[in-house]
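Below you'll find the structure, written out as structure tokens, and then a few comments.
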Amino acid sequence: MGPEEAEGGGGGISLRRPKTFESFKVPAYRIYYGATTGEWVSLSMQMVVRPLLAYRITGSGAILGVLSLSNAIPMLLVSLFGGAVADRVQKKNILVACQAILAAVSLGVAIALTLGYLSPERPNSWWLLAASAMLQGVTMGLMMPSRQAIIPEIVGEEQVMNAISLNSLGTNAFRLIGPALAGFLIDAIDFDAVYYVMTAVFIISAVCATFLPRSRALTVGKRSALKDILEGVRYIRREKIILVILVFSLFCTILGMPFMFLMPMFTEDILKVGATGMGLLMMVSGVGAISGSLILASLSNKKRGLILILSNLFMGLMLLGFSFSRWWYPSLALITLVGLGQTGQMALGIVLIQAYTEASYRGRALSFYMMGMGLASLGTFFGGILAEAVGIQWSIGAMATALTLLSILMLAFSPLLRKLD
């Protein structure tokens, strides 16, 4: 066995010198990781607290869809501007400011809960959750392109897949803790305790982000942000590889993400396990997602397009099984496998865009990807409306079927994506 074979030189996992945690050797990446930890904790807790609170106040799947729409529209409108900003100004400043805004939004909801204004006794008070979702959508639309675009500047081009996979690992690790902690706090204290915790960790993240290095290069000029956005659109239309990755990732996100936001309808009406049970479901999905993140972080830059397609196919099949399960333990097993596939869906789309986009257009290209996150909330809106008509199981089941069929079609008829390294 030669040196290359001993280290997995054929393009797999290194055996002698595993590179799973390679990016942590970069001091700036360690700071970045700490700066995003609070966001991971808070958003993982919010996966439980906001939809469950809204459902207990209103008892309506349609309102869950409205909340997602309240988050989606601002994110869609702002994300392109956020991409242009990411290519023009210091990314660390954007991260600090946006984390501070997210802390303020969480604090506002916490105070409303403590004062009793936001509660099941006031059925119309759900509008405050919609307003907070809207503010969060604006903030995330501004922040997410910068948060992703700063990674190559920190670790270098060759380490992008490893760094993003480790990011996914961190996100999913806190999915083990955040949802379960949120469910426990809700049952043991009340909803406001979760929002106070979220506020504290957002503040910690904002402080950590102040220690990030400044950007090495900026796109500086007298052009307006609108002209930069239009130039980014022309670039993406010209680069067929980027366009295919974006369109496929967009539809997969729309079809594959809504189940997370509609989970209260499963836990309250189908499985009947309450807030703690919902937290456990989210937690075990994080177990599968962590496994996927570790695998991706250990792989070389080979066959990433094929892995992206297969991840979506696997997720679609597992989500279809979960949709029609009425039993607790099979649901736990299936949602774990959904999390495994979801890691490939989310991480590899970002990795491929980073890898095949010119550095000067990276923030704008990523902003189009982030629009998919907003459209996932739009998908949740229609999923919630459909659930009101035919039931949550058929609603999510239909989306899972569409995701499966789309992945099969891409596997059969898109050699451009399938053969992409």
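Nothing in this text is a laboratory measurement; each read-out follows from the coordinates by a stated rule. What you see is a predicted model; the values in this text were computed from it and never measured. Here the Cβ is made from the backbone with ideal geometry for all residues, glycine too, and neighbour counts use every protein chain on show.
Listed values, structure above:
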read-out	value
Ser165, Ser414 arranged by Cβ crowding within 10 Å, fewest neighbours leading	Ser414, Ser165
Most to least packed among 302-309, 277-284 [average Cβ atoms within 10 Å]	277-284, 302-309
Radius of gyration and Dmax over the Cα atoms of region 48-107, both given in Å	15.2, 45
Dipole of the chain, positive end: most advanced residue of Ile204, Ile177, Gly288 [Cβ charges, Cα centre]	Ile204
Relative contact order of the chain, defined on C-alpha pairs under 8 angstrom at six or more residues apart (%)	28
Protection proxy ranking of 247-253, 124-130 - average other beta-carbon atoms within 10 Å, highest first	247-253, 124-130
Lys, Arg +1 and Asp, Glu -1 on Cβ, resulting dipole of the chain about Cα centre, debye, nearest 20	1040
Ratio Rg/Rh, restricted to region 22-62 and using Cα atoms, in which Rh is the Kirkwood radius	1.34
Sorted by Cβ density within 10 Å, fewest first, the residues Leu64, Leu334	Leu334, Leu64
Binned Cα-Cα distance frequencies in region 27-165 - 10 Å width, integer %	11, 36, 31, 16, 5, 0
Sequence of Tyr361, Tyr235 once ranked by neighbouring C-beta atoms within 10 Å, starting from the fewest	Tyr235, Tyr361
Signed unit charges on C-beta, dipole axis of the chain, positive-most listed residue Pro120, Ser44, Phe81	Phe81
Per-pair calculated FRET efficiency, R0 = 30 Å: Leu243 and Asn93 via Cβ, rounded to 0.05	0.45
Kirkwood Rh in Å, taken over the chain so that all alpha-carbon pairs contribute	21.5
Percentage, to the nearest whole number, of Cα pairs in region 242-367 over 18 Å apart	55
Computed magnitude of the charge dipole of region 25-149 (debye, nearest 20; Cβ of K, R +1, Cβ of D, E -1)	340
Enclosed volume per residue, in Å³, of the convex hull spanned by Cα atoms of region 118-191	99
Per-selection Rg to Rh, region 329-387 - Cα, Kirkwood hydrodynamic radius	1.12
Percentage relative contact order, region 11-128, counting C-alpha pairs under 8 Å, at least six apart	27
MRE, 222 nm, helices only [DSSP H, n ≥ 4, -39500 (n - 2.57), over the chain, to nearest 500]	-27000 deg cm²/dmol
For region 276-332: span of alpha carbons on each principal axis (Å, largest first)	39, 20, 12
Dipole of region 250-365, positive direction: furthest Cα of Ala347, Ser360, Ile335, with charges on the beta-carbon	Ser360
